[in-house]
1. Take the alpha carbon gyration tensor of segment 182-308, find the square roots of its eigenvalues, order them as a ≥ b ≥ c, and report rounded if a/c is under 1.5; if not, report prolate when a/b exceeds b/c, else oblate.
2. Spin-label point model (7 Å from Cα, Cβ direction): what's the residue 401 to residue 218 distance in nm?
3. Using the count of nearby Cβ atoms within 10 Å as a rough guide to exposure, how do 315, 299 rank from fewest to most?
4. Suppose each label sits 7 Å from its Cα in the direction of the beta carbon; what would the residue 281-residue 258 distance come out to in nanometres?
5. Does the chain classify as rounded, prolate or oblate by the C-alpha gyration tensor (a ≥ b ≥ c root eigenvalues; a/c under 1.5 gives rounded; else a/b over b/c gives prolate, otherwise oblate)?
6. Mind checking the full-extension length gain between residue 353 and residue 16? Use 0.36 nm per residue of separation minus the Cα-Cα distance, one decimal, nm.
7. Measuring from label point to label point, each 7 Å out along Cα→Cβ, what is the residue 110 to residue 304 span in nm?
8. So if each residue of separation counts as 0.36 nm, and I subtract the Cα-Cα distance between residue 374 and residue 124, what length gain in nm does that give?
């Protein structure tokens with residue numbers, strides 16, 4: 001039997017590949033340089049510095065990453081002083097077995113360089129999130145709208161806030177979509193491993209993780225749990241080797257308790273109390289109860305439903321989490337972004353003027369948050385700040401329910417098919 005030898009690359013092909021490689025290297029270098037320059041000129045980055053300082057302190061100075069020493073160093077780096085009541089104390093609450101993710105960045109002594117590199121990684125994660133959102137719902141929009149959608153993933157207020165803060169939420173949203181993608185493609189062990197990584201900030205996606213595990217048990221996908229257990233076992237073993245005795249377990253519990261007791265963060269109770277002092281607390285309780293009921297109802301309806309419905313419920317879950325009453329931050333709202341893909345896709349496919357309507361919605365979700373931020377920044381308006389927090393989850397939830405019938409029951413009539421072709 002003769003094997004056909006695959007022809008090698010021609011000189012022209014080698015030159016083209018070399019040119020592409022050089023252009024890519026130049027573009028990446030320029031982007032990293034721009035991010036480093038931005039990190040030097042724009043304050044903030046505490047969401048990144050807390051893990052970066054904890055990593056560098058543990059590696060080079062053998063300091064407990066959950067100690068008050070690390071928190072004090074981050075506060076000095078961000079505020080130039082110790083944090084005041086109501087400000088973020090920047091106490092590490094991530095499990096130690098996931099902290100090695102930041103170890104490579106801890107090798108950079110300059111905080112601006114380390115933060116700039118993390119910003120670049122976060123930007124790449126947001127672009128990948130936009131791409132994967134479209135792949136999951138199998139929608140290929142027109143080129144102009146596609147470009148606008150990718151730009152929105154980076155330059156929307158909530159994405160920009162997450163990037164400047166250095167929040168891990170920009171990467172976590174990609175992990176959440178990765179979980180959905182690998183689960184759908186039956187890569188069960190990989191799904192389990194991604195679930196372990198998503199525990200870095202479990203409070204951001206707590207309801208989402210609950211939904212995923214509900215689906216796993218309902219479908220008896222035990223290989224996912226096996227992958228979860230294996231990945232967790234390996235990471236825990238490594239953590240016990242580099243931090244003998246598991247001496248990080250009690251400190252992390254103490255750190256979590258300290259964060260819970262602090263008065264930093266945004267909750268619906270605080271927001272509603274400021275907007276409507278007389279009945280804000282009662283309204284917040286009602287919203288929490290309604291949100292919880294809707295969540296469990298949609299989870300029940302998604303029991304053994306097709307994956308299209310499950311994606312819709314997953315996006316609704318991410319959007320509902322900030323309204324359930326958990327304390328969160330503005331930068332964490334970036335995880336709501338995948339829901340926009342469902343809204344835009346439904347508008348385009350369902351309506352004759354779909355692209356015009358989706359363009360209008362994209363403009364609204366871009367311009368209104370930036371307008372509210374400008375008002376809050378210039379005038380010091382706490383009302384604008386509160387509305388800025390409420391806008392995104394309300395917009396996404398309203399949009400998801402507006403498109404619910406179409407997305408869960410795609411049009412099959414001849415007239416809907418003709419409209420889809422014309423659009």
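1. Working: a/c = 3.66, a/b = 1.24, b/c = 2.95.
Cα axes put segment 182-308 in the oblate bin.
2. According to this spin-label approximation, the distance is 2.0 nm.
3. Working: 315 31, 299 19.
In increasing order of surrounding Cβ atoms, one gets 299, 315.
4. 3.0
5. Values: a/c = 1.36, a/b = 1.09, b/c = 1.25.
It comes out rounded by the Cα gyration axes.
6. Details: separation 337, 0.36 × 337 = 121.32 nm, distance 4.16 nm.
Full extension of this stretch gives 117.2 nm more.
7. Placing both labels 7 Å beyond Cα along the Cβ direction yields 6.0 nm.
8. Details: separation 250, 0.36 × 250 = 90.00 nm, distance 2.65 nm.
Value of the extension gain: 87.4 nm.
Every number here is computed from the coordinates shown, using simple stated rules; none is lab data. The structure displayed is predicted, hence computed values, not measured ones. With ideal geometry, Cβ positions are generated from the backbone for all residues, glycine too; neighbour counts draw on all protein chains shown.
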